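Peer 1: Please see the structure below; I have some questions.
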Amino acid sequence: MTNASSEHTWKQISDELKSAVGPSLFDVWLAPLRLAGLNGNQLILEAPASSRAWIEDRFGQVLKASAQSVIGADAEVQVGVAGESAQTRQAAGAPATKFESGSDLNPKYCFEQFVIGGGNRFAHGAALAVAENPGTAYNPLFICGPPGVGKTHLLHSIADYATRHGNGVRVHLTGAESFANEFIGALRGGDINAFKARHREADLVLVDDVQFLMAKAKTEEEFFHTFNALRESGAQIVLTCDRPPRDLDKLEERLRDRFDSGLVADISAPDLATRVAVLRARAQLDQLVIDDHSVLELIATRVERNLRALEGALIRVVAFASLSGRAITESLAEEVLDGLFPKKPSDPQPVKLTVEAIRDEAAAYYGVSVIDLCSASRSASILWPRQVAMYMARENSGSSLTTIAGAFGGRNHTTALNACKKVEKRIAADAEAASEVRELADRLFKTAEENRSDRAQ
C-alpha cells in the first residue's frame, strides 16, 4: 500500500476514533498518535513513550474496533513508542543482549528521561557507572528512598542501557514480590531447578522493592542463596528499597549485611527546582503546549511528595482543560488541585490524615460500610469506593502501600497499587469522577480540621 493510501486509511480510522470517544478525549490522548506503517491488515502506530501504556489500556479496544471498521474484521493494531526503541535498535544490528524479566521494561524509564537534581545526583551517577561496567563497579548497588522518587526509573534505566549497549550481557529484571510468588509456585510445582536457573544465570540482575522479602522465611533463604550464587559468578546485582539496609529490621541479618556490603545510594524527595524540571520534561515528552509557565510552578509547589503524584497532577490538569474546553491557566490548575493537593496551611502543625480516618470517611461518603470496604466483594458499588479510599490514603496519609492495603481487609501491596493506578486513570479521563475525589478530599480535611479544633478546646 502506498504512503498516500496508508495516510488516507489512517485518516478514516482517526475519524472513526474521534466519533467513538468524542473530540475532547481524542484531542488529549489519540491525536498525538502517528502512523508508522500499514502492512496488510496490521496497523502500526507510534505514541509518546509516557502515554503508550495508558493508550493501550484505555483505548486498545476502540482502536482495534475503529481499524476493523475501515480495514476489515481481521485488522490488528500495534502501538509502539515514538522514536527508536531498544527492540528496534537490536533489529537494526545492535548487540544481541538477552533480556529476561518478571517486569517489562518501561520505555520512558531510561537515563535520557531521568531528571537529575540534588537529591538523586549521587544515585544517578552510581546507576550509570553500573550500567556501563556491570560487575566491576559498586556490587551490589543498593538504591533506597521513599516511594515515587525515581528508584524504579533508575533500575529500568540500567536494564535499558545494558540492553542497548551490553554486548551480549544477560539481563534479568524482576520485583521482590514476583520473586517470592515465583518461588512459591516453583515449590508447589516441583520446578525449583528451572526457577534457580532463571534467577541465577544472568550477568546483570535487578530486583525492585526488596523490602517485600521481609517476614518471608523460605523466600529470604532462597534469595540469600541466589545472592551468593550471583556474587560468586561475578554477576552485577542492583537492588531498590524504600529504606536503607540497616532499617530492614524484619529481614535476616545475613541478608542485611550483604545488601550493605556494596554501595548504598540514597534518593531523597525532589526539591522545587527538580520538580519543575520534571514537569517541563514530561510536557515536552508528551508534546503538551503550556503557555503559562506559572502553571508548572504551581503544580510543583503543591505536589511535593513524589514524582508519580507530580506527573499525575499534570495529566489531570491537562485532561480537565481539554474536557472543559478551557485554556491551561494558573486559575484552572488551582481549581483542579484544590482538595487533592491543598495549599499548605499556615499552621506549623498541618492536619494529618490516617488511613483509617480516610477509609471511614470514604465509607460514609459513598454510603457503604467499613466492613464492605474491607470485604472480598468485587461489586462495582463497593470496588470503586475501596479504590478511591486507597488512592486518597496514598496521596494524603504518608503511609506505605503495604500499610494501606492491610487496612482494607489485609490485602497486599499490589492490590493497593493497582487501585491507585485505576483511580488515576479514571479521574484523568472522567471529569465527574475527578469531582467526586476532590469533594471527598474536601470532606476529609474539613473533618480532620474540625476534630483538631474540638480537641484543642
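Nothing in this text is a laboratory measurement; each read-out follows from the coordinates by a stated rule. Computed from a prediction, not measured in an experiment: that's the story for all the values here. All Cβ positions, even for glycine, are placed from backbone atoms using ideal geometry, and neighbour counts span all protein chains on display.
Peer 1: Using Cβ contacts closer than 10 Å as the measure, can you line up 124, 225 from fewest to most?
Peer 2: Ascending Cβ contact count within 10 Å gives the list 225, 124.
Peer 1: On to the next question. If we restrict to alpha carbons, what Rg and Dmax does the range 92-266 come to, in Å?
Peer 2: Expressed in Å, the Cα Rg and Dmax of the range 92-266 come to 15.3, 48.
Peer 1: What is the range 92-266's relative contact order, in percent, from Cα pairs under 8 angstrom and six or more apart in sequence?
Peer 2: Numbers: 293 pairs, mean separation 56.4, N = 175.
32 percent.
Peer 1: Looking at this model, which pairs from 64/108; 64/425; 422/446; 108/425; 151/196 are more than 22 angstrom apart at the alpha-carbon?
Peer 2: Values: 64/108 24 Å; 64/425 20 Å; 422/446 26 Å; 108/425 18 Å; 151/196 26 Å.
Where the Cα-Cα span goes over 22 Å, the pairs concerned are 64/108; 422/446; 151/196.
Peer 1: Mind putting a number on the dipole of the chain about its Cα centre? Charges go on the C-beta only, +1 for Lys and Arg and -1 for Asp and Glu, and I need it in Debye to the nearest 20. Please report the intermediate quantities before stating the final value.
Peer 2: Details: 51 positive and 60 negative charges, 98 e Å.
Computed charge dipole of the chain: roughly 460 debye.
Peer 1: Counting alpha carbon pairs within less than 8 Å and at least 6 residues apart, what relative contact order, in whole percent, applies to the chain?
Peer 2: Details: 662 pairs, mean separation 59.8, N = 457.
Relative contact order for the chain comes out at 13 percent.
Peer 1: Same structure again: Mind putting a number on the dipole of the range 272-327 about its Cα centre? Charges go on the C-beta only, +1 for Lys and Arg and -1 for Asp and Glu, and I need it in Debye to the nearest 20.
Peer 2: Around 200 debye, computed over the range 272-327.
Peer 1: Right, here's the next one. Give the relative contact order (percent, whole number) for the range 272-327; include only Cα pairs under 8 Å separated by 6+ residues. Spell out each step's value before the answer.
Peer 2: Numbers: 30 pairs, mean separation 20.0, N = 56.
Value for the range 272-327: 36 percent.
Peer 1: So if we plug the beta-carbon distance of residue 61 and residue 376 into 1/(1 + (r/R0)^6) with R0 = 35 Å, what FRET efficiency do we get, rounded to 0.05?
Peer 2: Details: r = 28 Å, r/R0 = 0.79.
So the FRET efficiency works out to roughly 0.80.
Peer 1: Quick check: from the Cα gyration tensor, does the range 203-361 come out rounded (a/c under 1.5), prolate or oblate? Present the calculation step by step, with values, prior to reporting the outcome.
Peer 2: Values: a/c = 2.93, a/b = 1.97, b/c = 1.49.
It comes out prolate by the Cα gyration axes.
Peer 1: Using +1 at the Cβ of each Lys and Arg and -1 at the Cβ of each Asp and Glu in the chain, identify which of 120, 447, 21 lies farthest towards the dipole's positive end.
Peer 2: 120
Peer 1: Answer with a single label: of (1) 105, 61, 54; (2) 63, 48, 41; (3) 77, 60, 45, which was calculated as Cα extents along the principal axes in Å from the structure in view?
Peer 2: Among (1) 105, 61, 54; (2) 63, 48, 41; (3) 77, 60, 45, the one derived from this structure is (3).
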